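Values quoted throughout were computed directly from the atomic coordinates according to the rules given, and no laboratory measurement underlies them. Quick caveat, the model's predicted, so the values are computed rather than measured. Cβ placement follows ideal geometry from the backbone for every residue including glycine, while neighbour counts extend to all protein chains displayed.
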Amino acid sequence: MNTPSSSPSAGPETRRSFLRKTATATAVVAATGFIRTPIYGQATAPSVNVIGANNKITVGHIGVGGQGLNAHVRTVCDSFKENNVMPVAVCDVSKTRVRVASEVITQKTTTTPEGFDNYQKLLARKDIDAIFCATVDHWHTRVSVDALNAGKHVYVEKPMTRYLAEAFEIYDTVKKTGKILQVGSQGCSDMKWHRAAELIRAGKIGPIVMSQGSYMRNNAKGEWNYAIQDWCKPDDLNWDAWLGMEIKTRPTFAPDDYFRWRKYYPYCAGLLGDLFPHKLHPYMLATGNPEFPLRVSSIANKKVRTDRNTPGTRERDVPEIVQLIAEFPSGMTMHICSGTVNEQGTQEMIRGHKATLYMAGNRIEMKPEKPFTDEIEPITIPDIKPGESVANHHKNWFESIRGNKQPNAGIDLAIRVQTVISLAEMSERLNMMCLFDEKTRKVTTGNGYQIPLLTYGSIKGES
């Protein structure tokens with residue numbers, strides 16, 4: 001039998017033909033999903049024989065305003081039969097939000113959930129298997145850690161937490177309890193990024209040298225200036241509970257802070273906490289071997305001052321445009337930018353030494369670099385499914401709980417992403433490049449000086 005190596009006519013064209021067939025087969029496999037290489041050891045589709053596959057999962061929702069209601073309560077209810085789950089409890093510091101969420105669950109599932117104004121009471125219910133945490137960011141750690149210690153699995157909205165020390169508190173608690181934690185960066189359940197990881201792990205693009213992406217918006221009246229609802233009164237909203245223990249300088253009842261908290265330190269990290277996770281999680285997942293960063297630098301500003309176009313709100317603390325660059329031990333550098341004053345994004349790509357992956361919509365295009373055109377065959381993987389959706393991300397978490405496996409945005413990926421986010425915030429706000437040692441968990445400057453981690457009230461003038 002003739003092969004490309006033994007045939008007398010074997011040469012560049014024969015070899016290219018062989019590579020073309022191999023590439024085509026790879027593309028077909030990736031597009032159809034017949035073979036899926038796991039990330040962190042988990043399969044992307046569960047076995048029908050996993051223990052507990054037929055058990056109903058009972059869930060509680062902590063934080064049911066905004067995304068907590070629309071992305072989580074409603075989505076869970078829309079597919080509760082398909083996923084074999086049942087929402088049985090809701091908790092919020094607002095009476096109105098507890099009532100509305102309870103009504104949605106009752107209408108969609110015919111089950112009346114129990115309402116709480118204190119999440120500890122919800123966690124005390126022994127019949128609850130898992131919780132959604134969709135609170136303001138500065139509550140993520142306390143709710144998640146308490147839930148894990150109470151034996152509950154956790155789905156926590158992005159970012160995983162507010163500050164880096166808190167992130168490691170969650171990480172250590174997940175490892176101690178063995179519970180399944182999913183961060184709400186639903187792009188991780190878009191199979192495009194998993195296909196990219198397969199190509200990269202197979203060496204198709206050579207060593208990764210750079211990845212780049214963006215999440216851009218443009219809001220003339222200022223991003224996150226949500227409408228203040230009439231029901232937001234002191235007799236409806238427990239303001240002290242919303243602030244929690246972390247906020248040391250306690251402002252008086254402030255509906256502007258409550259509805260528009262993404263604009264203000266210390267409740268959040270602004271763009272770094274809200275939009276950057278949607279890029280950092282998928283891009284780091286796509287490497288096939290997510291790493292802690294070696295060093296991170298970030299610059300940002302808020303010179304447009306869009307809040308001036310919305311009467312009745314104070315100007316934001318957080319920037320309107322942010323750029324981040326991170327270096328990883330493998331040698332890859334990552335550039336991500338995000339803004340709320342211009343909506344034009346950068347081209348989404350992962351650059352390898354031998355080829356580049358272009359990540360667009362539901363497809364991947366792999367194009368060889370010029371010096372490697374005889375070695376690398378172009379590949380196009382079209383119509384990759386499932387795509388990005390909150391429903392798919394929920395389903396992945398439920399399947400991971402039943403299969404006792406890591407979900408698509410599990411703790412090992414999440415802690416690395418949060419480290420990048422936290423170092424970027426430190427870099428921008430402290431005006432320095434931040435180096436990280438994953439063994440000691442310490443942040444230093446280039447000359448070895450240790451930088452105290454940011455936390456609540458550590459920057460002068462911030463509560």
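General observations
- Once the Kirkwood radius over Cα pairs is known for the range 260-387, the Stokes-Einstein relation at 20 °C and 1.002 mPa s delivers a diffusion coefficient of 125 µm²/s.
- Computed on the Cα trace of the range 318-392, the radius of gyration divided by the Kirkwood hydrodynamic radius gives Rg/Rh = 1.05.
- The range 332-463: translational diffusion in µm²/s, Stokes-Einstein, Kirkwood Rh over Cα pairs, 37 °C, 0.692 mPa s: 173
- Cβ-based net charge around Asn55, under 13 Å, with every Lys or Arg adding one and every Asp or Glu removing one: -1
- With Cα atoms, 0 to 90° folded angle of helix 411-430 axis to the chain main axis: 70
- Ratio Rg/Rh [Cα only; Rh per Kirkwood] for the range 57-188: 0.94
- Trypsin sites (Lys or Arg not before Pro) within the range 425-463: DSSP coil, no more than 14 neighbouring Cβ in 10 Å: Lys439, Lys460
- In the chain, the calculated helix contribution to ellipticity at 222 nm averages -9000 deg cm²/dmol per residue, counting -39,500 (n - 2.57) for every DSSP H run with n ≥ 4.
- The range 57-188, relative contact order [Cα under 8 Å, separation at least 6], %: 23
- Against the chain, whose longest principal axis is taken from its Cα atoms, helix 164-177 shows a tilt of about 80°.
- Straightening the chain between Asp127 and Lys367 buys 81.2 nm, computed as 0.36 nm per residue apart minus the Cα-Cα spacing.
- For the range 130-140, the Karplus equation 6.51 cos²θ - 1.76 cosθ + 1.60, evaluated at θ = phi - 60°, returns couplings of 8, 10, 9, 10, 10, 7, 4, 4, 6, 9, 4 Hz by residue, with Gly and Pro reported as x.
- Among the chymotrypsin sites (Phe, Trp or Tyr not before Pro) within the range 403-463, those in coil by DSSP and having at most 16 neighbouring Cβ atoms inside 10 Å are Tyr449.
- Extents of the range 108-172, taken as max minus min of Cα coordinates on every principal axis and listed largest first, are 41, 21, 18 Å.
- Looking at the chain alone, DSSP beta bridges between its own residues are antiparallel in about 60 percent of cases.
- Compared with the dominant Cα axis of the chain, that is its longest principal axis, helix 12-32 is turned about 30°.
- Taking all Cα pairs closer than 8 Å and separated by 6 or more residues, the relative contact order of the chain comes to 20 percent.
- Here the Karplus curve 6.51 cos²θ - 1.76 cosθ + 1.60, taken at θ = phi - 60°, turns the phi angles of the range 258-270 into couplings of 5, 7, 10, 4, 5, 8, 10, 6, x, 4, 7, 10, x Hz, with x standing for Gly and Pro.
- Placing +1 on the Cβ of every Lys and Arg and -1 on the Cβ of every Asp and Glu, with nothing else charged, gives the range 57-188 a dipole about its Cα centre of roughly 100 debye.
- HN-Hα J in Hz across the range 188-194 - Karplus 6.51, -1.76, 1.60, θ = phi - 60°, x for Gly and Pro: 5, 9, 7, 5, 4, 6, 6
- Computed extension gain for Lys439 through Lys248, at 0.36 nm per residue and net of the alpha carbon distance, reaches 65.6 nm.
- For the chain, with +1 on Lys and Arg beta carbons and -1 on Asp and Glu, the positive-most of Ile384, His153, Val73 along the dipole: Ile384
- Net +/- balance of residues flanking Gln186 in space, Cβ distance below 11 Å, scoring K and R +1, D and E -1: -1
- Taking every Cα-Cα distance in the range 161-287 and sorting them into 10 Å bins from zero, the calculated P(r) comes out as 10, 27, 31, 22, 8, 2, 0 percent.
- Among the lysines of the range 57-188, pairs that are 8 or more positions apart or on different chains and have alpha carbons within less than 19 Å of each other number 9.
- With R₀ set to 51 Å, the beta-carbon distance separating Lys175 from Ala227 gives a calculated FRET efficiency near 0.80.
- For the chain, convex hull volume per residue from C-alpha positions, Å³: 161
- Measuring spread by the Cα atoms of the range 251-321 yields a radius of gyration and Dmax of 15.6, 47 Å.
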